[in-house]
Amino acid sequence: MRLVKSFKVNHITSIVVAAFPILCLSYGKGYNLAAILLFLASLCLLFVKSEDKTNLQILKDSRVQMVISAFVLYFSLFVLSVVMKNGDFSEVDMPSRVILSIPVLLAAIKHPPKVNWVMNGFVIGAIAAGCVALIQIEYLGLPRAFWGNDSIYWLKGYMAIQSGNMAMSLGVISLVICVYYFKCNKCFLAFFAVVGAMLGILGSLLSGSRGGWVFLPIALIYLVYANRDVFSLKKISLLIISVLFIGFTAIQLNPDIASRISHSIQNVQDYASNKNTDTSIGDRFQLWESAINSFSHYPILGAGYKERLVLRKEFAESGAINQTIGNNDTHSHNQYLEDLSVRGTLGFLALLGILFTPIYIFNKNNNNSNLEIQAINQCGIISIIMMLGYLLSQAMFRHNSGIIFYSIVTVIFLALSINNSKK
């Protein structure tokens, strides 16, 4: 309490919130440390008095109720699946992260962090991600950026796909922040955000995480449309050229990126022509087929993790999928199909709930002439647009990094949006 009295409480909130994106990819397990610090600080801050908000008043806000309901429902479907399908209670460990993000939401609403601190935190986080990727490729000679290595402490915890997607989100969010600073005629900060956007996107490209590229065009189209008052044809052309330049730079730094793109196209063609499954893309298609077949057997509540593996072996024995995939206990490499196969239609709807409830709130709060409010809501929407793309080729929420990153980033922008929506 002495510490709280010696500083403004909002400064403490600003520090721990802004630290999250900075620490996320600064080292392998950065997202864990940042989330723990933010969670513990939030629990303490909920007991600190606010001048104009109480915990009860916050909980009465319909938007807060919607978010909490969506998060609790998502978690509850995992619990129901464990009970109904005789699963292990370890299965609820990962989705519990969305519940642990609720105190962060409440604390950030009660003691609002400074918006410019948070925005600059995301830009610094994107710069850190890009620098880490460049160090790993140029100086450590790793085959892909964010390549985990348990023997080196600061590399332990990196996953090329997960971390590459997170870097892309930080880069695209920085792009939104750049547009905001440009509108405010803050040239230095706009340049600072451009650097963050370029390094974040570059870091993702160097990781070779192909799922991170899928919805990038959609995110850019949204960015241009949402800020059509400042995007002339010349600026749109400059944006496209800049993204292409980043891609060209990434290929020069890591030629394997070009080969991964060509291999992806070839893999799809091979699978379409002769169902060749001896490729990474072919394996994914086989996992998707297995997930769809599992869902067809248990359409309401899903098969559960254990029964899903049993069904996968049966599908392999019947020749529906190959034997290698039949003996594989990995996830479906598609979050939507993963939830459909394991928790059925109810689980799938709960997944959509935690994705589209925040989008609804951001979009509703975005109808405001205040540039700061517009930027906050655009950051929230564009981060979820990117996540919708990642989930097509990766079960992001089956990994600690993915579920933590999504839930924390989303509640940070939700708290800022709800707090500032009345300006």
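Please treat every number below as a calculation from the coordinates, not as lab data. None of these values were measured; they are calculated from a predicted model. Please note: Cβ atoms are built from the backbone with ideal geometry, for glycine as well, and neighbour counts cover all protein chains shown.
Okay, here's what the table says:
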item: Exposure proxy ranking, count of Cβ atoms within 10 Å, fewest first, for Leu175, Leu80, Leu170; result: Leu80, Leu175, Leu170
item: Net lengthening on full extension, Val72/Phe245 (0.36 nm per residue, minus Cα-Cα); result: 58.0 nm
item: Selection from Asn370, Val72, Met396 lying farthest towards where the dipole of the chain points positive, charges on Cβ; result: Asn370
item: Span from the region 303-345 Cα centroid across to the region 1-72 one, whole angstrom; result: 38
item: Stokes-Einstein D for the chain, Kirkwood Rh over Cα pairs, 25 °C, 0.890 mPa s (µm²/s); result: 110
item: Total charge dipole magnitude, region 234-387, about the Cα centre, Cβ charges on Lys, Arg, Asp, Glu only, Debye to nearest 20; result: 460
item: Of Ile251, Tyr27, Trp147, farthest towards positive along the dipole that unit charges on Lys, Arg, Asp, Glu beta carbons give the chain; result: Tyr27
item: Cα-centred dipole magnitude for the chain, charges only on beta-carbon of K, R (+1) and D, E (-1), debye, nearest 20; result: 1480
item: Cut-off under 5 Å, modelled amide H: who pairs with Lys114 long-range; result: Ser14
item: Rounded to whole Å, sorted largest first: equivalent-ellipsoid semi-axes of region 162-257, Cα gyration tensor; result: 23, 13, 12
item: Bins of 5 Å, starting at 0 and running to the largest distance - Cα pair percent for region 317-387; result: 3, 14, 16, 15, 13, 10, 9, 7, 5, 4, 2, 1, 0
item: Residue-averaged [θ]222 nm for the chain, counting only DSSP H segments that reach four residues, each worth -39500 (n - 2.57); result: -24000 deg cm²/dmol
item: Chain lengthening between Trp117 and Tyr225 when straightened (0.36 nm per residue, less Cα-Cα); result: 36.3 nm
item: Debye, to nearest 20: dipole size of region 102-258, +1 on Lys, Arg Cβ, -1 on Asp, Glu Cβ; result: 480
item: Contour minus Cα-Cα distance for Glu314 and Gln57 (0.36 nm per residue); result: 87.2 nm
